[in-house]
Amino acid sequence: MKKQGSAEHLSETRSEDLNRKGSLKYFPKKGVMISNLSINDMNMTYEFRLLLEPYILKNYGNTLDTDETLRYYQLFSDTKLLEDKSLSATADDDFHMWIVNACSNTYFKNSYIAIHNQNLRYRTLSGIRSREKAADEQTDHLTILSECLKGNWNEAAEAMRQHILNSKETSFRLLFSQNLGGTL
């Protein structure tokens, strides 16, 4: 396990999510411990996302609310989002959860929540949320949303697949540039 500051440094929602999943332990007057996350865990997380998120866009994208799609398009069009790492991460999390929630399959949703919690662990452990990664994600999100607004679900799914691959590549590059090795 790796010590990561105190509870004040974790957002309340994220720390509650991690705690509920048993990935976070509080130690009075000492701080917070987050369980390790291996490179294999990260690979499995991205593998799952590559299978699920494009599938949901392709098969359930037509259930996405147009007004909400436009709201996300406007949000990710605003370059000010890049100035706040926390806001950017929250917007990214909300966007992906919104897409997953378009699906009526509760097993998909519940499985995605587990993956979402892995992502929270990863972000918390690594502290990786670079402006470069956020900018790339915003561009990818706009491409996905543009295809959604056109009703091009196959193209939206492919854009999501590419977005997840881009995210994986950037995450691993940033991870290894920090010399974090094989586990976080």
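The values are calculated or read from the model by the stated rules, or taken from the named source; none is laboratory data. Just so it is clear, the structure is predicted and the values come from calculations on it, not from any experiment. Cβ: placed from backbone, ideal geometry, glycine included. Neighbour counts: every protein chain shown. Ligands, DNA and RNA are excluded from the accessible area calculation, which covers all protein heavy atoms including side chains. Shrake-Rupley method; radii C 1.70, N 1.55, O 1.52, S 1.80 Å.
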Notebook entry, point to check: In the set D136, D140, which member is of a type in the set (D, E, K, R) and either open to solvent by less than 10 Å² (accessible area, probe 1.4 Å) or at pLDDT below 80 (or both)?
Noted result: D136
Note to self: Looking at Q118, Q162 in this structure, which one is assigned to a helix (DSSP H, G or I), open to solvent by 20 Å² or more (accessible area, probe 1.4 Å), more than 18 Å from N62 (Cβ to Cβ) and at pLDDT 90 or above?
What the structure shows: Q162
